[in-house]
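Notes to accompany the following structure.
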Amino acid sequence: MISTTVNRTTLPIILAAIVCIDVTALASAPNVLRDVGIDQRLDTQLPLDLSFRDENGATVRLRDYFGSRPVILVLAYYRCPMLCTQVLNGLVKSMREMDLDLGKQYRVLAVSFDPREGPDLAARKKAIYSESYARAVAADGWHFLTGDQDAIEGLTNAVGFHYVFDSTTDQYAHGSAIMVLTPQGRISHYFMGIDFPSRDIRLALVEASQGRIGTPVDRLLLLCYHFDPATGRYSASAIAFVRVVSAAMLLLVGVPIGRLWYREWRRGKAIASAL
């Protein structure tokens, strides 16, 4: 059961849901919002055998996009007048700021939760965001999927994404988030809202890949930062930072002392041999 307590995490989701409801539906808003939210189901395995249609109209399974690299999952219906567009805009902005290569080091999977939408609309969305990304997008880099109600529910239930259709406005009330998944399809991170700092997304991708992408500096940063699911941000870990600094100081101080000791030992040995 979704908690109705408003805190720093749930408030943005509630406000985001309100944005997606027409003013004429405000009288029923309390009932609508009660069923809208996002449960963080970290380490949950996605049902990879679910079938969808890609932007070309081909039948695909979720597992077709997993296996070798982490995946960013976006749940957004393509006719959404405001919030879903803001989520996609925030994501593509973050992607442009990263030097990780879409299609080579990670994938993005956008899935519509409106069963009335089809491949034509998905193809138009892909064209818009491929142009916005402003880089050569690999063929398997970013896909926009549509599907039937059963497949949609299977996916949204697995990731804890709760939404409600408002028939009076022909729109959906929903929260806003993206999810980073491991190459095996397990949920690694949730990022709530519409603004996704590129450093946090990059570190989440490196972490989800178990260090198979990124640089040694990224892996060092993961020792100094920890991810807080409540805030959806990486923050400095004092204990890890102290450990890293201590190790660095040990190397900086210990190596010269070791060399000095070795030289004195060699000198002493040479004097003893000469006597």
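Name the pairs whose Cβ atoms lie under 7 Å apart, with the first residue in the range 116-134 and touching a residue at least 40 places away in the same chain (Cβ under 8 Å) and at negative phi, the second of a type in the set (A, V, I, L, M, F, W, C) and assigned to a helix (DSSP H, G or I), and 6 or more positions between them or separate chains?
Pairs that qualify, where the first residue is touching a residue at least 40 places away in the same chain (Cβ under 8 Å) and at negative phi and the partner is of a type in the set (A, V, I, L, M, F, W, C) and assigned to a helix (DSSP H, G or I), are Tyr129/Leu88; Tyr129/Val92; Ser132/Val92; Tyr133/Val92; Tyr133/Met95.
Out of the range 189-210, which residues are under 11 Å from the mean Cα position of the chain (by Cα) and surrounded by fewer than 18 Cβ atoms within 10 Å (Cβ to Cβ)?
The answer is Pro197, Ser198.
Scan (1) assigned to a helix (DSSP H, G or I); (2) closer than 27 Å to Arg116 by Cβ for the single condition Ile201 breaks and write down its number.
Failing condition for Ile201: (2).
Of the residues that make up the range 72-90, is at least one assigned to a loop (DSSP other than H, G, I, E, B) and touching a Pro at 6+ places or on another chain (Cβ under 9 Å)?
no
Hey, any hits in the range 171-188 for a residue that's out of contact with any helix residue (DSSP H, G or I) (no Cβ under 8 Å at 6 or more places or on another chain), open to solvent by less than 60 Å² (accessible area, probe 1.4 Å) and over 22 Å from Phe66 (Cα atoms)?
yes
Looking at (1) open to solvent by 10 Å² or more (accessible area, probe 1.4 Å); (2) in contact with a strand residue (DSSP E or B) (Cβ under 7 Å, 6 or more places away or on another chain); (3) within 19 Å of Ile128 (Cβ to Cβ), can you tell me which one Arg96 breaks?
With (1) open to solvent by 10 Å² or more (accessible area, probe 1.4 Å); (2) in contact with a strand residue (DSSP E or B) (Cβ under 7 Å, 6 or more places away or on another chain); (3) within 19 Å of Ile128 (Cβ to Cβ) applied to Arg96, the lone miss is (2).
Can you tell me how many residues within the range 135-153 are outside any loop (DSSP other than H, G, I, E, B), surrounded by fewer than 17 Cβ atoms within 10 Å (Cβ to Cβ) and touching a Pro at 6+ places or on another chain (Cβ under 8 Å)?
Residues flagged as outside any loop (DSSP other than H, G, I, E, B), surrounded by fewer than 17 Cβ atoms within 10 Å (Cβ to Cβ) and touching a Pro at 6+ places or on another chain (Cβ under 8 Å) within the range 135-153 amount to 1.
Which residues, taken from the range 103-134, are open to solvent by 10 Å² or more (accessible area, probe 1.4 Å), touching a strand residue (DSSP E or B) at 6+ places or on another chain (Cβ under 6 Å) and under 28 Å from Val206 (Cβ atoms)?
Arg107, Lys125, Lys126
Identify, please: which residue in the range 136-151 is out of contact with any Ser or Thr (no Cβ under 8 Å at 6 or more places or on another chain) and not polar (S, T, N, Q) and is, among those, farthest from Gln45 (Cα to Cα)?
This residue is Ala136.
Taking into account only those residues within the range 154-170 that are β-branched (Val, Ile, Thr) and closer than 18 Å to Pro81 by Cβ, which is surrounded by the most Cβ atoms within 10 Å (Cβ to Cβ)?
If we take residues in the range 154-170 being β-branched (Val, Ile, Thr) and closer than 18 Å to Pro81 by Cβ, then Val164 is surrounded by the most Cβ atoms within 10 Å (Cβ to Cβ).
Every residue, every condition in (1) closer than 20 Å to Arg116 by Cα; (2) of a type outside the set (Gly, Ala, Ser); (3) in contact (Cβ under 8 Å) with a residue 24 or more places away in the chain; (4) open to solvent by less than 10 Å² (accessible area, probe 1.4 Å), yes or no:
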site: Pro47; (1), (2), (3), (4): no, yes, yes, no
site: Ser51; (1), (2), (3), (4): yes, no, yes, no
site: Gly57; (1), (2), (3), (4): yes, no, yes, no
site: Leu62; (1), (2), (3), (4): yes, yes, yes, yes
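The values are calculated or read from the model by the stated rules, or taken from the named source; none is laboratory data. Source: prediction; values computed, not measured. Positions of Cβ are backbone-derived with ideal geometry, glycine not excepted, and every protein chain shown enters the neighbour counts. Just the protein is used for accessible areas: all its heavy atoms, side chains included, with ligands, DNA and RNA removed. Shrake-Rupley method; radii C 1.70, N 1.55, O 1.52, S 1.80 Å.
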